[in-house]
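Heads up, the thing below is written out as structure tokens.
The values are calculated or read from the model by the stated rules, or taken from the named source; none is laboratory data. As the structure is a computational prediction, the values presented were derived from the model and not from experiment. Virtual Cβ from ideal backbone geometry, glycine too; neighbours counted across all protein chains shown.
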Amino acid sequence: MPIHYACHSNNETVISALLQVYPQSILVKNGFGYTPLAEARALDNPKMDSIIQLLESHHSQFVVSTDPKSPTSTENDALKSQVTELNKTVVSLGKVLQGVAQLGNDIQSSLNKGKDSKEVLKSLSERLSNIDSITPPVALNVDEEMTSDPTVKELTGEVSNVVEKE
């Protein structure tokens, strides 16, 4: 994340600008699970003291609980938003996969009917080149799909339970 790179380069100006544009970036964790503040502290470098003070001043506006395992309301809102977007992505990918499965069925059916394999391949390549427009035969709305898929329902429930525990 940009704020993590700015912390490593000890650049207060860039960190301040990033925090003004995207204040919630103070809560974003890197690939190792560190927030910018946790990462700056972990460096254990006296040169980072001014960066740590800057990050602490911004971090305090988001922290409500002293329990490090308890998400703040801002983190909850961010998680809810991410879950919503991820659910939309899952539904979209599910539709594409259904479309690809339909392509496979159509190919098999065409070949079984004795159609020319070159024509079948040409048709397949045309349909695959428009993969974004592939839709399943029966299109469900997002809510119906989310509630009918047990895996998505289970994952959504788990994430919702975590988010609701403030």
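Below, the figures for the structure above:
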read-out: Residue match in the range 54-64 (condition: assigned to a helix (DSSP H, G or I), of a type outside the set (A, V, I, L, M, F, W, C) and more than 23 Å from Asp77 (Cα to Cα)); value: no
read-out: Pairs where the first residue, in the range 84-96, is in the same structural domain as Asn130 (by TED's automatic domain parsing) and the second is modelled with pLDDT under 80 and in a helix (DSSP H, G or I), C-beta under 6 Å, 6+ apart; value: Asn87/Met146; Val90/Val152; Val91/Val142; Val91/Glu145
read-out: Test: residue in the range 2-10 that is surrounded by 15 or more Cβ atoms within 10 Å (Cβ to Cβ), part of a helix (DSSP H, G or I) and in contact with a Phe, Trp or Tyr (Cβ under 7 Å, 6 or more places away or on another chain); value: no
read-out: Hits in the range 43-69 - residues which are of a type in the set (S, T, N, Q), surrounded by 11 or more Cβ atoms within 10 Å (Cβ to Cβ) and modelled with pLDDT under 60; value: Ser65
read-out: Enumeration of residues in the range 101-123 that are of a type outside the set (Ser, Thr, Tyr), part of a helix (DSSP H, G or I) and surrounded by fewer than 15 Cβ atoms within 10 Å (Cβ to Cβ); value: Ala101, Gly104, Asn105, Asp106, Gln108, Leu111, Asn112, Lys118, Glu119, Leu121, Lys122
